[in-house]
Amino acid sequence: MSKVKLGEVAIEHKETCKGNKDGYPIVGLEHLVPEEVTLTAWDEGSDNTFTKMFRKGNVLFGRRRAYLKKAAVAPFDGICSGDITVIEAIPDRILPMLLPFIIQNDELFDFAVGKSAGSLSPRVKWEHLKNYEFELPDMDKQRELAELLWAMDATKKSYQKLIAATDELVKSQFIEMFGKPGTDPYEWGLTTLGECCKLNPRRPKDMTPDIDYSFVAMPSVSEDGRIDASIERPYSEVCKGFTYFAENDVLFAKITPCMENGKGGVAKGLKNGAGFGSTEFHVLRPIKGASDPYWLYIITMFPKFRSDAEKVMTGTGGQRRVPITYLSEYRIALPPIELQEQFAAFVRQSDKSKFELEQTLSELTATYKRIISENLG
């Protein structure tokens, strides 16, 4: 095993599309998924100004904001953004199948971040990236590592699909039991979401001023509905300027970046039964005997609910917000509370299964990264 520089085993692939771009898939930075070595999204037939070509097997490295850890191997020939560096293996010096894992690893990204220039949108150049040093084993060991890492990547994808399928199963169960949100197939009668819950409730005046409560900032809420309520703050620090909520309230992130994948969840395990958090949350409080928090939460997670919400957002730029009137006026059928509670039990069991899958995936990812670090660091 010997120490080499990236520029000794790979080159920047420089090729420009000067003719007709029809038929070439288009890859932008938005198509590269952080920490994923395979490319799963691209555009076809869209108007664009990109001219940089890449070939099947090249590695597409997101050189802008390298801390996002975007790099994937190209499964076909295509055209990409100028903010993507196209890297090509030198086959007699490195196994092309191994190169993606050398590039898609934490140590190289840390190196890239350190060499990036620019304040608002830092970029790293190939001239700097090619000086990254790492251990390179002989060809037989490279082949062994590549086969192992690609097999692990395939296993990771299988777990990710199972997790996504669990989310879809919950939504399918909702539709089977209640119909699509906004419809009334069982003739319960349409009402509004504002009539099914209390929106943005005020904090009680008798809250104890000398005790701690949970504090939930936006990063403490995941896209899979988990709310980290472990951070605590004294009442004196959070009583002004923050959103109040209580145990079993539903949080709905109302800002633009949270619309596509969704951020929100049911507040559980709050310190002293209450919490404060980002003002970018709307709060939906279930009405006892009428609405269940999990039923409310899943409504807010349907893609159509969020796409419709996005159409009425107010404000300008990247931080537009969903007005509370959208939630209060949203038409919905209110099913019997007994059915909602049956559905809630299904959601909790699904969450338990998903959590176990996520734990296994996390352990697999840690092993995957350790193998890269120990053999290619």
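How many of the residues in the range 106-124 are open to solvent by 80 Å² or more (accessible area, probe 1.4 Å) and either small (Gly, Ala, Ser) or out of contact with any strand residue (DSSP E or B) (no Cβ under 8 Å at 6 or more places or on another chain) (or both)? Qualifying residue count, the range 106-124: 4.
Kindly indicate the residue of the range 79-94 that is open to solvent by less than 30 Å² (accessible area, probe 1.4 Å) and out of contact with any strand residue (DSSP E or B) (no Cβ under 6 Å at 6 or more places or on another chain) and also nearest to ARG63 (Cα to Cα) among those meeting that condition. Across the range 79-94, the extreme among qualifying residues is SER81.
Suppose the filter is in a helix (DSSP H, G or I), under 23 Å from VAL221 (Cα atoms) and either among the aromatic types (Phe, Trp, Tyr) or open to solvent by less than 30 Å² (accessible area, probe 1.4 Å) (or both); does ILE298 pass it?
yes
Whenever a residue of the range 5-16 is surrounded by 15 or more Cβ atoms within 10 Å (Cβ to Cβ), its partners that are part of a strand (DSSP E or B), lying with C-beta atoms within less than 6 angstrom and at least six residues away or across chains, give the pairs ALA10/ILE87; ALA10/ALA89; ILE11/GLU88; HIS13/VAL86; HIS13/GLU88; GLU15/MET53.
Out of GLU144, GLU187, GLU127, one residue alone is at positive phi, surrounded by fewer than 17 Cβ atoms within 10 Å (Cβ to Cβ) and among the charged types (D, E, K, R). It is GLU187. Out of ILE94, ILE87, ILE102, one residue alone is farther than 15 Å from GLY28 by Cα and part of a strand (DSSP E or B). It is ILE87. Within the range 190-223, restricting attention to residues that are open to solvent by 80 Å² or more (accessible area, probe 1.4 Å) and without any contact (Cβ under 8 Å) to a residue 12 or more places away in the chain, the residue that is farthest from VAL322 (Cα to Cα) is ASP206.
For the criterion of being closer than 20 Å to THR365 by Cα, outside any loop (DSSP other than H, G, I, E, B) and without any contact (Cβ under 8 Å) to a residue 40 or more places away in the chain, ALA154 passes. For the range 187-213, filtered to residues that are over 31 Å from the mean Cα position of the chain (by Cα) and among the hydroxyl-bearing types (Ser, Thr, Tyr), the residue that is modelled with the highest pLDDT is THR191. For the range 320-355, the set of residues classified as open to solvent by 40 Å² or more (accessible area, probe 1.4 Å), over 26 Å from ALA253 (Cβ atoms) and either touching a Ser or Thr at 6+ places or on another chain (Cβ under 9 Å) or in a helix (DSSP H, G or I) (or both) consists of GLU338, LEU339, GLN342, listed by residue number.
The values are calculated or read from the model by the stated rules, or taken from the named source; none is laboratory data. What you see is a predicted model, and the numbers here were worked out from it, not measured in a lab. Note that we place each Cβ from the backbone using ideal geometry, even for glycine, and neighbour counts take in every protein chain shown. Keep in mind that these areas ignore ligands, DNA and RNA; they rest on the heavy atoms of the full protein, side chains included. Shrake-Rupley method; radii C 1.70, N 1.55, O 1.52, S 1.80 Å.
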